[in-house]
Every structure is written in structure tokens, then in C-alpha cells.
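Peer 1: One structure, as C-alpha cells, below. Some questions next.
The values are calculated or read from the model by the stated rules, or taken from the named source; none is laboratory data. These numbers were taken from a predicted model, which means no experiment stands behind them. Using ideal geometry, Cβ is built from the backbone for each residue, glycine included, and neighbour counts are taken over all protein chains shown. These accessible areas exclude ligands, DNA and RNA; they are computed on the full protein's heavy atoms, side chains included. Shrake-Rupley method; radii C 1.70, N 1.55, O 1.52, S 1.80 Å.
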Amino acid sequence: MEDQIVSAIQIAWEPTAPQAQKPAAFEYVNRLRQEPQAWEPCINIFTRLPRHIEVARIFSLEIVNNAIQAGLLDQAGLDLVKNRLLQYLRSEYAYATNDVHKPPPDSSAIENKIAQTITYLFCSLYPTTWTTFFDDLLSLTTTGSGQRDSLIGVAFYLRVVNSVHDEVGDVLVAKSKEEQEKANALKDLLRARDVARIAQSWQEILSHWQTRSGVIGELTMSAIGKWVSWIDIGLVVNQNMLQLMSQQVQQNRVQGLEDAEELARDKALAAFTEIVSKKMPSVDKINMIEFIGLQDMIEKLGAWPILNNQKSSDYDVDLAEEVAKLVAVALQDIMRVLDTEQQSSGVWRKAEQMLRAFLPQLLRYFSDQYDEVCSHVLPAMTDVLAYFRKAFQGDEYMSQRASVLVPILQAIFVKSRIEDYNDNDGEYDGDNTEEAEFLELRKRLSTLQQSIAATDEQLYMDAVSAMINDTFEKFQRPGQNVDWRDLDLALHEMYLMGDLAVRNGGLYQKAKPNSPAAERLIRMMLVMVQSSIGSTRTPALQVQYMEICNRYSMFFEKHSQYVQPVLQNFLNNAHSPNTR
């Protein structure tokens, strides 16, 4: 039967196989998926030496996996599969070598498939008969020297550790009530039996392989980042482990790393992010952030050559994203402490000091030229501004408001400006994904502006008016060439000014501007309609111009002399070849 299965798989998947035989082969292999006893010849196919072709081995192990998951194997069958796979692993993976250049015994696809099978066996047998599960796997990681120096064995062990988390600890995977209860029971058993040993193995592996293999570094950091959410934080947040994790980050400061080394560095930062985001009491969280030395770490990262020059071709966007995530998580936790603790408490005062210390880093990644980096810190910026709105009430905080809010507002202006690389002259394309993402970012940034306006309306109006008036002045100056992107930003901010100017029902009340914001907007409207902005041929500017005129149409009731030129611009735009 084994030869028949292998032959059918080979015919079904081999492009050069006779086409006339393929339908029967596909029918046969599909029928195997429904056959309750197919797992037994399939485990033989997988472990047999010399090896069968890879597709046959992968398919056979998939049949075994399906049978375990479906509960088709009794205790004897589970023990048989366990023993056969352990025998195979000890033959092919144990005491292999510490040579990083030696190829592994199996491809990554097969390694991952074996790890999946071992994980399913873990779920079935660990509570009862396979209590030595991690001992057996850890035995693969050494060549007998007493160190975790078997590259192949260590890599496989870490794949299984990651896979076990994915099966029992991943909260993003939907589970039934029964499945969740089983997963919780397995996590409780792991905490009681083996978590301390597993955490110790991470230290031992990093100590040996940190400077030798980026792949091992990546797998280890990935495991730490996954497991830390549901194990005792003290197993990870201790001097030895943090030093090893920091070294994993710090050793990769320059461009030109191998892909695996970059992934290991990024996974290390992701692990720090998971550590900081772990739920715990406020006092413990603030003390942990301090113990880790998070602020100092982030500042040092920002000084690296691959991060401190955004205009450089060596700028590492992936690294910037990971650091931005870490900054965001830390600040959001700090904000939670400030929102929930009494101001008279020591933990509140320490959190407030941390907020001040982290603000420059928040602003740096918020201002990053890459929108994907900025997006990671937007929720943290929202929380910070909401806090300042409550904390900065009263004239006595005027200078503090200005020192904090003006740089943020200037950064919002920069992020709201269309990028220089966008050289389509404002042409609109309904299928342009980048345009849609940018417009969504602008919408989120406008929400931040509203928060700043609610904190200090005068400061907000002064900053926005200065930017708009400066752009219009340059545009009207003879011989001055103003980038259309700057005009687009000015018109965008002018449109948003209406959120303040017309919130009481209109621009005018009893023939006079109804607010200081309305008065400023009316002056801007006069400059706009008197200029040649309305006759520009740039589609983005044409649309902005018409939207502003439409939104503030009450302006023309008091300034009817501008109806004719504005109407002429509308008629010209109605004949635009641009559909929008």
C-alpha cells in the first residue's frame, strides 16, 4: 500500500507524469484524506530510509496530522507515531553538528511539518503519558558538550516551541469554548512543569548562538515574544536575559546585515514590545520600564547610522517601524497609569516624568517621512494629546502648552503634505491605493488637530494661520515658484479651519464674523479668491478650491463681487478632462 500511495502522489504532482493517469491519482490521494487508517502507512512513508520524494513525505505527514487532529488515533496509535518520530529525530537531528554551514537533514517545509506533528502530539499526550516532552526535544540541542551547540537540533527545538505557542497561546486564533479550555489547561501544565526550564534554555541558546547564527537568534526572539504574554514575567525580565536580548539588538547597528540577522534584531525589538505590553499593576509596569532601561535603549537606537538620517539610502524602515511600535506601547502604558493613578502617588509622578522623557521619541517617529512608521505611534499620540487636554487647562500652563503642542502641530503639517516623490501633478486616480492611504492618514491627522484646538484654540489658530498666510504670500509674490504640494497643504488646512469657524452655525452673525476663527477664515477666503489659485491647472488644487468655496458659500453673500470670477473657475473646471 505504501508504494501505491507514493506512486499516486508522484503522478498527481509530477508535471511530466502521463496526463491520462492524473484524474485517477488525484481521486486516490483525495480518498486517502477520508480513510481512517491511512495514517499508518503514511508515517512509514515519511520515516523510511532512503527517503521518498519530498512531496510524498509532506503529503504523508499531512495525513498523519489530520488523523491526530480528528481524534482517529487511539493511545497505541499516538504512541506509535510519537516513537517513530522521536526515533527519526534522534537519528537525523540529534548530535548532528555545530557547523553553521552544514545543510539540515530536511527542507524548511518538512521541518515545519514535523514540528506541527510534534505539536499535535504534545496537545494529546503532554497531560498524560509524554511528560518528558521538552526533555526529549532538548536532548536534540547538544552534541554532548553540555552546551546547546547542535545547530540543527536547536533550530528544530525552537520551531516546536514557537509552534506550541501558536497552538495553545495565540489569542488571535479563534477557538471554540472546548478548545480554549483545553489550551488553558495545557498552559497551566506548562507553567507548573516546564516553563522555567524553557526560559533557561533560551538563555543558554542565546549565549552560544547570538554571534554565530541569525536564524537561531530570530527563532529564539520569536519564541520569547510569543510566550512572554502568558508566563511569569520574571523568567524574562531578569538581568541575564535582558542583557542577552539587548545584545541581540545592539550588535546590528549598520546596513548590510544578512537577512536572518536583520530578522533576529527586529524580532528582539518585537519581544521587548511584547514584554512592555504585558498586563500588570501600574507600579510594576512603571518599575519594569525603568528596569529595562527602555528610554536609553530607544535613544541609542535612534542614534544608529541606519536610523538617524531619514534621507539616506541606508535608512532602515523596518527597524524604524519596530522602534516606533516599542515607543507607542511604552507611552500608551504610561498614559494608562496617568489616567488611573492619583496624582499624589509616587507612581503617578514617576509616570509623568517618563512621559516628558519619551515625548521627543514620540515626536521623532511621528514625524518620520515614512507613513507606515508614523502610523504605529498615532494611537499613542492620540492618548498623549487627550491627556494634555485635561492637564494643560488654565493660563498658567500657556508656555508649557506651546512648548509641547507647537512641535506636534508642525509635525502634523509635514505629515499632511503630499510627498515630494508624488510627481503626478495632483492627478487623481480612483484606483490609486497610495492616494487612498494618504487621505486616510490625513483624516487621522485632522483628528489630532482637533484635539490640539480643543486644548488651546488660540495657539492652534495662530499656527495654522501663519502656515496658510505664509504659503499664500509666497504664491502671490512675483517670480516666486511655489510647489503645488505646499498650496495643497494650505488649502487642506484652510478647509479644516472651518471646524472652528462655522461650529456655531455659519461664518457670520448679525453681519459680523461669529468668532475669531471665522474672522481669520474670511481673510483667508479673500486672499484665495483674489489670487489665481482658482485658475490653476493642477487637479488636486482645483478640487480643494471648489470644496472650500462650496463649504463656505456664505462668504459670497457678503462678498458678492467675487461670485463672477469664482463661477468662471467652476465652469472651466466642469470641462476638465479629469473626471473627479
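Peer 1: So which residues in segment 487-524 are closer than 25 Å to Asp420 by Cβ and open to solvent by 50 Å² or more (accessible area, probe 1.4 Å)?
Peer 2: Answer for segment 487-524, where residues must be closer than 25 Å to Asp420 by Cβ and open to solvent by 50 Å² or more (accessible area, probe 1.4 Å): just Tyr495.
Peer 1: Exactly one of these conditions fails for Leu307: (1) surrounded by 15 or more Cβ atoms within 10 Å (Cβ to Cβ); (2) out of contact with any Ser or Thr (no Cβ under 9 Å at 6 or more places or on another chain); (3) not in a loop (DSSP other than H, G, I, E, B). Give me its number.
Peer 2: Only one criterion in (1) surrounded by 15 or more Cβ atoms within 10 Å (Cβ to Cβ); (2) out of contact with any Ser or Thr (no Cβ under 9 Å at 6 or more places or on another chain); (3) not in a loop (DSSP other than H, G, I, E, B) is unmet by Leu307, namely (3).
Peer 1: Checking Tyr315 against (1) open to solvent by less than 70 Å² (accessible area, probe 1.4 Å); (2) over 22 Å from the mean Cα position of the chain (by Cα); (3) among the aromatic types (Phe, Trp, Tyr), which single condition isn't satisfied?
Peer 2: Of the numbered conditions (1) open to solvent by less than 70 Å² (accessible area, probe 1.4 Å); (2) over 22 Å from the mean Cα position of the chain (by Cα); (3) among the aromatic types (Phe, Trp, Tyr), the odd one out for Tyr315 is (2).
Peer 1: Across segment 262-283, what is the total count of residues that are open to solvent by 70 Å² or more (accessible area, probe 1.4 Å) and modelled with pLDDT under 95?
Peer 2: Within segment 262-283, residues that are open to solvent by 70 Å² or more (accessible area, probe 1.4 Å) and modelled with pLDDT under 95 number 5.
Peer 1: Can I ask one more? In segment 213-243, what count of residues is obtained for those that are hydrophobic (A, V, I, L, M, F, W, C), part of a helix (DSSP H, G or I) and open to solvent by 20 Å² or more (accessible area, probe 1.4 Å)?
Peer 2: Initially, segment 213-243 is screened for residues hydrophobic (A, V, I, L, M, F, W, C), giving 215-216, 219, 221, 223-224, 227-228, 230-231, 233, 235-237, 241-242.
Okay, now just the ones that are also part of a helix (DSSP H, G or I), so 215-216, 219, 221, 223-224, 227, 233, 235, 241-242.
If we keep only those that are open to solvent by 20 Å² or more (accessible area, probe 1.4 Å) as well, we get 215, 219, 233, 235.
Total satisfying the criteria: 4.
Peer 1: Looking at (1) outside any loop (DSSP other than H, G, I, E, B); (2) touching a residue at least 24 places away in the same chain (Cβ under 8 Å), can you tell me which one Asp170 breaks?
Peer 2: (1)
Peer 1: Could you tell me whether segment 333-352 includes any residue that is open to solvent by 50 Å² or more (accessible area, probe 1.4 Å), hydroxyl-bearing (Ser, Thr, Tyr) and at pLDDT below 95?
Peer 2: yes
Peer 1: Hey, can you tell me all the residues within segment 105-137 that are farther than 27 Å from Pro50 by Cβ, part of a helix (DSSP H, G or I) and open to solvent by 10 Å² or more (accessible area, probe 1.4 Å)?
Peer 2: If the condition is that a residue be farther than 27 Å from Pro50 by Cβ, part of a helix (DSSP H, G or I) and open to solvent by 10 Å² or more (accessible area, probe 1.4 Å), then Cys123, Ser124, Asp135 are the ones that fit.
Peer 1: Taking the stated definitions as given, is Lys177 among the charged types (D, E, K, R), over 22 Å from Val228 (Cα atoms) and in contact with an Asp or Glu (Cβ under 8 Å, 6 or more places away or on another chain)? Write out each step before concluding.
Peer 2: Details: among the charged types (D, E, K, R): yes; over 22 Å from Val228 (Cα atoms): yes; in contact with an Asp or Glu (Cβ under 8 Å, 6 or more places away or on another chain): no.
Judged against the criteria, Lys177 is not a match.
Peer 1: Taking into account only those residues within segment 1-31 that are outside any helix (DSSP H, G or I) and aliphatic (A, V, I, L, M), which is most open to solvent (accessible area, probe 1.4 Å)?
Peer 2: Residue satisfying both the conditions and the ranking: Met1.
Peer 1: Filtering segment 311-324 down to residues that are out of contact with any helix residue (DSSP H, G or I) (no Cβ under 8 Å at 6 or more places or on another chain) and of a type outside the set (Asp, Glu), which residue is nearest to Ala268 (Cα to Cα)?
Peer 2: Tyr315
Residues are listed down the side, and each one gets a yes or a no for (1) modelled with pLDDT under 95; (2) in contact with a strand residue (DSSP E or B) (Cβ under 8 Å, 6 or more places away or on another chain):
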residue: Asn424; (1), (2): yes, no
residue: Glu437; (1), (2): yes, no
residue: Glu440; (1), (2): yes, no
residue: Val464; (1), (2): no, no
residue: Asp483; (1), (2): yes, no
residue: Leu491; (1), (2): no, no
residue: Gly498; (1), (2): yes, no
residue: Arg503; (1), (2): yes, no
residue: Asn514; (1), (2): yes, yes
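Peer 1: For Asn184, work out the one condition from (1) under 28 Å from Trp39 (Cα atoms); (2) open to solvent by 10 Å² or more (accessible area, probe 1.4 Å) it doesn't fulfil.
Peer 2: For Asn184, the failing item is (1).
Peer 1: Separate question: Is it the case that some residue within segment 525-542 is part of a helix (DSSP H, G or I), modelled with pLDDT under 95, touching a Pro at 6+ places or on another chain (Cβ under 9 Å) and surrounded by 22 or more Cβ atoms within 10 Å (Cβ to Cβ)?
Peer 2: Yes, the conditions are met somewhere in segment 525-542.
Peer 1: While we're here: Evaluate the following for Glu179: is it free of Cβ contacts under 8 Å to residues at least 24 places away in the same chain and either part of a helix (DSSP H, G or I) or open to solvent by 60 Å² or more (accessible area, probe 1.4 Å) (or both)?
Peer 2: Criteria met by Glu179.
Peer 1: Sticking with this structure for a sec: Do we find a residue being over 18 Å from Ser213 (Cβ atoms), among the small types (Gly, Ala, Ser), at pLDDT below 90 and open to solvent by 10 Å² or more (accessible area, probe 1.4 Å) anywhere in segment 140-152?
Peer 2: Step one: filter segment 140-152 for residues over 18 Å from Ser213 (Cβ atoms), giving 144, 146.
In the following step, the residues that additionally are among the small types (Gly, Ala, Ser) were identified as 144, 146.
Then drop every residue that is not at pLDDT below 90, which leaves 144, 146.
Narrowing further to those that are open to solvent by 10 Å² or more (accessible area, probe 1.4 Å): 144, 146.
Yes, there is a match, as at least one residue in segment 140-152 is over 18 Å from Ser213 (Cβ atoms), among the small types (Gly, Ala, Ser), at pLDDT below 90 and open to solvent by 10 Å² or more (accessible area, probe 1.4 Å).
Peer 1: Related question: Out of all the residues in segment 393-402, is one or more closer than 27 Å to Met280 by Cα, in a helix (DSSP H, G or I) and either polar (S, T, N, Q) or modelled with pLDDT under 95 (or both)?
Peer 2: no
Peer 1: Residues that are at pLDDT below 95, surrounded by fewer than 20 Cβ atoms within 10 Å (Cβ to Cβ), in contact with a His (Cβ under 9 Å, 6 or more places away or on another chain) and assigned to a helix (DSSP H, G or I): does segment 358-376 have at least one?
Peer 2: No, that holds for no residue.
Peer 1: Still on this structure: Which residues, counting only those in segment 6-58, are farther than 23 Å from Gln87 by Cα and of a type in the set (Val, Ile, Thr)?
Peer 2: Ile9, Ile11, Thr16, Val29
Peer 1: Inside segment 403-422, can you point out the residues that are modelled with pLDDT of 85 or more, closer than 27 Å to Arg485 by Cβ and among the hydroxyl-bearing types (Ser, Thr, Tyr)?
Peer 2: Result: Ser416, single match.
Peer 1: Does Gln34 satisfy being open to solvent by 50 Å² or more (accessible area, probe 1.4 Å) and part of a helix (DSSP H, G or I)?
Peer 2: Criteria not met by Gln34.
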